[in-house]
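The values are calculated or read from the model by the stated rules, or taken from the named source; none is laboratory data. Small disclaimer: the values here were computed from a predicted structure and weren't measured. Cβ atoms come from the backbone with ideal geometry, glycine included; neighbour counts cover every protein chain shown. The area values use the complete protein model at the heavy-atom level, side chains included, leaving out ligands, DNA and RNA. Shrake-Rupley method; radii C 1.70, N 1.55, O 1.52, S 1.80 Å.
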Amino acid sequence: MLRSAASNIRVSTRILARGNLKAATNGVGGGKGRPPLLVKSPFRCAAPFSSTASLSQSKKSKSSVVETTKRHQSTEMLEHEPLQPLRDDFTPPFKKVLAANRGEIATRIMRACSELGVDSAGIYSHEDRFTQHRYKADQAFLLSSSKSPVAAYLDIDTIVKICKERGVEAVHPGYGFLSENEKFAAALERNGIKFIGPTVENLRQFGDKTAAKELAVAMKVPIIAGSDDAFKTWADARDWIDQNTTYPVIVKAAMGGGGRGIRVIPSKQDLEGQFILASNEAKNAFGDGRCFVEKYVPNPRHIEVQCLGDGTGDVIHIWDRDCSVQRRHQKVVETAPAMDLDPVTRQAMLDDAVRLLASAKYRNAGTVEFLVDGDGHHYFMEVNPRVQVEHTVTEEISGIDIVQSQIKIASGKTLVELGLSPQEKIPEPQGIAMQCRVTTEDPSQDFRPDTGTIDVFRMPGGMGIRLDDGPGFPGAQILPHYDSLLVKITAKARTRRDTAQKLLRALREFRVRGVTTNKSFLMHVLSNDEFINGVVNTGFIAAHPELLAPLKEKDRAQKLLHYLGDVIVNGTPASLGAVGPPPSQVDPIIPDIPPVPKSKKSLKEIFDIEGPEAFAKAVRQNDGLLITDTTWRDAHQSLLATRLRTIDMLNVAAPTNVALRNAYSLECWGGATFDVSMRFLREDPWDRLAAIREAVPDIPLQMLLRGANAVGYTSYPDNVVHEFCRLLKETGMDVFRVFDSLNYIENMKLGIDAVGGAGGIVEGTVCYTGDITDPNKGMYNLEYYLNYVRELKELGIHVLAIKDMAGLLKPEAAEMLVSAIRAEHFDLPIHVHTHDTAGTGVASMLAAARAGADAVDAATDAMSGMTSQPSLGALVASTAGTELDTGITLQEASSLNEYWEECRGLYCPFESGQKSGSADVYIHEMPGGQYTNLLYQSSQLGLTGQWSHVKKAYAAANRLLGDIIKVTPSSKVTGDLAQFIVANKLTEEEVLEQAETLSFPKSVVEYFQGYLGIPPMGFPEPLRSRVLKGQIIEGTDLSCFEGRPGTDLPPMDLGATKELLEEKWGSRSENRSSAADIRDVDVMSYAMYPAVFDEYMEHVHHYGKLNYVDTRTFLSGMKIGQELNVTLEPGKQLIVKLISVGTPDKDGQVPIQFEVNGQPRMAHVKDKSLGGSIQSRPKAIKDIAGSIGAPMPGVVLETKISKGDRVKAGDSIVVLSAMKMETAVASPVSGIVSKVIVTAGDLLDAGDLIVEVEEDD
């Protein structure tokens, strides 16, 4: 006996552990003379228990338990022992129940069966073979695969056959599908299978809206005036309306519910279209397209009463629910009980509902639905003869398990036997319950259903939260065939506000990635004061369109996984240009340089407190030579194609702030870094500046401003340049090195005025070229530069910069130029910049310093030399202890350099391959920052092995352009023309001769049109006229600008531009959860580079911001088993581990398994190598003028003509882009376009045929 009792105690423990509280406590009463206990628990086991028992009753015999266990072990799906009640005299209502449904309601039925000790069976379509309800069942059976996904669940014959073959005793239909189908219920009854629902007669009576209304009238239940018959056509409905009522009306499907087949008809003109829509929807959902017509009651409350009947005429209610929050007549949020309902109205509805169903001897669960108008009058709508989606809220406030009660009633139990009758047995509602339905719909897109693969599915929990889950799990495929419901979340608390807060908290915890959900909409509803504090009606959602606004969820982790997965599967993005060796595996060690007490005011403090004039004065009064460290901008632009990422700057920011405390400035922004950060590194340049400013508070920050071109390659309206500088100063910029690539003083005026107006330090720049020590060199002599400096001084600059972008400033020239300027402008600070391409950089800077320069540019040793700046360490050591002492210690500079030595290894993929400097710079005059970029671009354009030709062509291009100063963007013009010459195998003379028939790069054409301004010695003729061919500048009536281009440009409407970006990317955009707050700085990014900004935002939409990912991972991804720590922000860290990489499926999608903070996560990435076979493109025929080919490799940006168009010689036909170089391909002949071979996005090689033109005779 002792052993038997212990065995039963173990069974009891197992049952309780499985959550079968009802089975474990069934039969436990309130004791002699006490009413049965109503057990309330989070397991929904709250039906009354009417008999007493003790644990000793379970000691009779365990043979029945053993026998039942053996029976369960033979089932197909079971992976555990079945649960059995503790009482040996307990008989389950059925042996096996089939859930004739899918999703969450099927799972809900199976759980109820498990709690009752009943075997559960499920059915599933082929499309549902991986869904939860299949494997939650003890057995599951495949439906007919010959039918559509929906039709399979409507296949009565197959379902009945499964029941007969598999020993199913009863079928629960759930809601939807066959739940109200009288033919299904009758077919089951004919085959001796119980239908867990109303009788066939009940279904027939309440499924027929006319019969239901007739019964309501007979039972004196108030109704809304409506048609007695359902109409097949809109014309029949029209005739009835004309004779019986007025608009507005509502049409409702004769069969079914769930909001389907319902339309409000405001006027007669709307009837035909809306009726047809409702009829078609009803036919598709229920197989019957007939619709009733009723008078429409505007904005009522929708209240329903939950009832149970046992078929004997005994019916009880389990209180009411408020379902007024609806979208298109579909319930969204349901509450029980209905709040602020007049007690008289409530009681009348409860009585009417019970009386109506009792008159029909209703059996099982049913809901009677009412409308309540603004005056408190209630009107019968319909009876839903099934369990409702929202039954959960009633269970929560009553403690009664409705689904279990359905099963028991179907087995023959009466309400009295279940302890649910008379009505007084039903307890008063306890607390407030609220349910919301999380669906895969996009509220911002009119609740458009979304499909796809769920990558993340993390359910909420906690006190007061109930989950009824359906098809969601990581890796689940959400298909378009079925209802979009993922999970029902039900909360219970003492007050409406507390309940709403619990639901809000649960929704915040709930994570779904891979498909769009209505979570944002639900959270907006639950946060709405009117919803929480007042009474809402069915017009609530329509009256509050702001509820549809998307939430700005960061979704950073999953987006990061998608980026990592893309790199893992497809390699480093080709756009990055990472063609060299992989990144070093050595992590840079961040130096520890302790702070030192301040001995004097820093230049940063002087500027912040006293302004730019005081800053300039302090620079002139400084003892020694000041240094600007260019490592964070020009150095990596010159050596590593501008690819240095923000994270590697910020990692060393704190020690830099100490080591360079006595520096003139830290150059970290502007120039090419602006567009490259967005275009290639996928970083926001404004975020970079703000982060650097915060991390380096004690050193002036410096940027490069291209005068009227700001940080772009063309001219902009004046208001754009002014706003750009204002925002720069506001974000943290101090020193603005303002230059113009042609030394065009009119362009300089705009930049200087903009910086001065913003309150920044104006470092006016003279760009140096040629050789002032050689009287035969050309037009750029000493007097030219002195005159230009005088003009700059008149404009009110604070500091003069000498910008030697090509490294042409020899030591002797540096001394001559600086001495002459110093002699004429004693109080003007002089700041000298050069490149070390020829290896003379240190000598030139020392010569400039001795001649009177106050500051020079240098880069940390590991990032110096060749096309970069001179060595900072060399200058520090060379001047230490002299009158030119930099105030920087070699020890601290070396500590920083050790970091950069190791950090540079991370950027091996971007190394140009240069081994040394080259004195031939004095011949080709190529700027240092352009040298490595042009070297890389040349390889991308198929000019590998022709670098020597490119350099010679660069010199030729310079001569063709008029021997110009070559600084960005004029240097880009020169480089584009040089590559064009080499790619087309042209000589300098041939360019001149054939200019009228050549399709020059866009930058070259715009240069001659005057987009950059006017060069010092004017434009060369006749080349200019031949290139322009008389064409007019788009948007003007000019063939070329005669002065500063911006003066002819209208102001940009910044407000309208911001609205445009809001529509595209902001809170009103279609990008839903990725929507961003569009800032003023974003408007500036768009103004500078509209296409680049859009591309960047699209990347952020897909992958999120990546600035917190370490560089090695950013470039190379992860290896299996590797663990990655990512700090998103202080206090928020991700620990990411790569578990496995799968193989592509039929669509080329590769599943990648990660762990994030120990939790499994999935990402699916398209394998781009499986894009299909590559077809070779036809080539243009050289001897046929109308056979037009691509002048160089590139991507088609735009086709400007179509087949059949007439073109004239010189008309632009196609726009190509190669790297940053755009080329408008012009037709060399006049005629009719006979064939267009390319479309936007096509990748072309040089010579690929793009268009054929039939030349005019």
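Structural remarks
- Selection from region 805-835 of residues that are over 30 Å from Glu610 (Cα atoms) and in contact (Cβ under 8 Å) with a residue 40 or more places away in the chain: Met805, Ala806, Gly807, Leu808, Leu809, Ala813, Met816, Leu817, His835
- Pro717 meets all of the listed conditions (1) open to solvent by 10 Å² or more (accessible area, probe 1.4 Å); (2) farther than 22 Å from Asp634 by Cα; (3) of a type outside the set (Asp, Glu); (4) at pLDDT 95 or above but one, namely (4).
- Selected residue (criterion: least open to solvent (accessible area, probe 1.4 Å)) from residues of region 1002-1054 that are of a type in the set (Asp, Glu) and within 29 Å of Glu989 (Cα to Cα): Glu1006
Yes/no matrix, rows are residues, columns are (1) open to solvent by less than 10 Å² (accessible area, probe 1.4 Å); (2) in contact with an Asp or Glu (Cβ under 9 Å, 6 or more places away or on another chain); (3) assigned to a strand (DSSP E or B); (4) outside the structural domain of Lys413 (by the TED database):
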position	(1), (2), (3), (4)
Glu281	no, no, no, yes
Asn284	no, no, no, yes
Val305	yes, yes, yes, no
Gly309	yes, no, yes, no
His317	no, yes, yes, no
Asp340	no, no, no, no
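- Apart from one condition, Leu188 fits all of (1) over 30 Å from Asp310 (Cβ atoms); (2) open to solvent by less than 30 Å² (accessible area, probe 1.4 Å); (3) not small (Gly, Ala, Ser); the exception is (1).
- In region 878-916, the residues that are assigned to a loop (DSSP other than H, G, I, E, B), under 25 Å from Asp976 (Cβ atoms) and not acidic (Asp, Glu): Ser912, Gly913, Gln914
- Leading residue by the ranking (nearest to Glu1198 (Cα to Cα)) among those in region 1231-1248 that are open to solvent by 10 Å² or more (accessible area, probe 1.4 Å) and among the aliphatic types (A, V, I, L, M): Ala1240
- Taking the criterion of being touching a Ser or Thr at 6+ places or on another chain (Cβ under 9 Å) and at pLDDT 95 or above, the residues of region 612-635 that qualify are Gly624, Leu625, Leu626, Ile627, Thr628, Asp629, Thr630, Thr631, Trp632, Arg633.
- Taking the numbered list (1) open to solvent by less than 20 Å² (accessible area, probe 1.4 Å); (2) on the phi > 0 side of the Ramachandran plot; (3) of a type in the set (Asp, Glu) in turn, Asp555 passes all entries but (1).
- Filtered residues of region 551-607 (kept if closer than 30 Å to Leu626 by Cα and of a type in the set (Asp, Glu)): Asp592, Glu605
- Residue check for Gly852: over 30 Å from Asp648 (Cα atoms), in a loop (DSSP other than H, G, I, E, B) and open to solvent by 40 Å² or more (accessible area, probe 1.4 Å): no
- On inspection, Asp698 fails the criterion of being out of contact with any strand residue (DSSP E or B) (no Cβ under 8 Å at 6 or more places or on another chain), of a type outside the set (Ser, Thr, Tyr) and not in a loop (DSSP other than H, G, I, E, B).
- Glu272 vs. criteria of a type in the set (D, E, K, R), at pLDDT 90 or above and in contact with a Phe, Trp or Tyr (Cβ under 7 Å, 6 or more places away or on another chain): yes
- Condition met for Asp587 (surrounded by fewer than 19 Cβ atoms within 10 Å (Cβ to Cβ), under 33 Å from the mean Cα position of the chain (by Cα) and among the acidic types (Asp, Glu)): yes
- Residues within region 345-396 that are part of a strand (DSSP E or B), of a type in the set (A, V, I, L, M) and either within 13 Å of Arg321 (Cα to Cα) or in contact with a His (Cβ under 6 Å, 6 or more places away or on another chain) (or both), tallied: 3
- Of all residues making up region 1110-1162, the number that are in a loop (DSSP other than H, G, I, E, B), among the acidic types (Asp, Glu) and under 22 Å from Ile647 (Cα atoms): 1
- Residue in region 887-898 that is farther than 18 Å from Thr630 by Cα and either surrounded by fewer than 24 Cβ atoms within 10 Å (Cβ to Cβ) or in the same structural domain as Asp629 (by the TED database) (or both) present: yes
- Note on region 264-297: residues that are over 19 Å from Ile223 (Cα atoms) and in contact with a strand residue (DSSP E or B) (Cβ under 7 Å, 6 or more places away or on another chain) total 10.
- Just one of the listed residues (Val1100, Val1165) is outside the structural domain of Ala695 (by the TED database), closer than 30 Å to Pro1051 by Cα and modelled with pLDDT under 95, namely Val1100.
- Residue ranges of strands (runs of 3 or more DSSP E) in region 1199-1257 with at least 1 members of a type in the set (D, E, K, R), at pLDDT below 90 and over 26 Å from Val1092 (Cα atoms): 1249-1255
- Restricting Glu911, Glu883 to those that are in contact (Cβ under 8 Å) with a residue 60 or more places away in the chain, open to solvent by 10 Å² or more (accessible area, probe 1.4 Å) and under 43 Å from the mean Cα position of the chain (by Cα) reduces the list to Glu911.
- Against the conditions (1) part of a helix (DSSP H, G or I); (2) closer than 22 Å to Leu742 by Cβ; (3) not aliphatic (A, V, I, L, M), Ser844 satisfies every one except (2).
- Residues in region 1166-1187 include at least one that is in a strand (DSSP E or B), within 22 Å of Ile568 (Cα to Cα) and open to solvent by 50 Å² or more (accessible area, probe 1.4 Å).
- Among residues of region 197-223 that are under 22 Å from Gly261 (Cα atoms), those with a beta-carbon under 7 Å from a residue that is open to solvent by 60 Å² or more (accessible area, probe 1.4 Å) and assigned to a helix (DSSP H, G or I) at least six positions away or on a different chain give the pairs Ile223/Val217.
- Count of region 169-197 residues which are among the β-branched types (Val, Ile, Thr) and in contact with an Asp or Glu (Cβ under 9 Å, 6 or more places away or on another chain): 1
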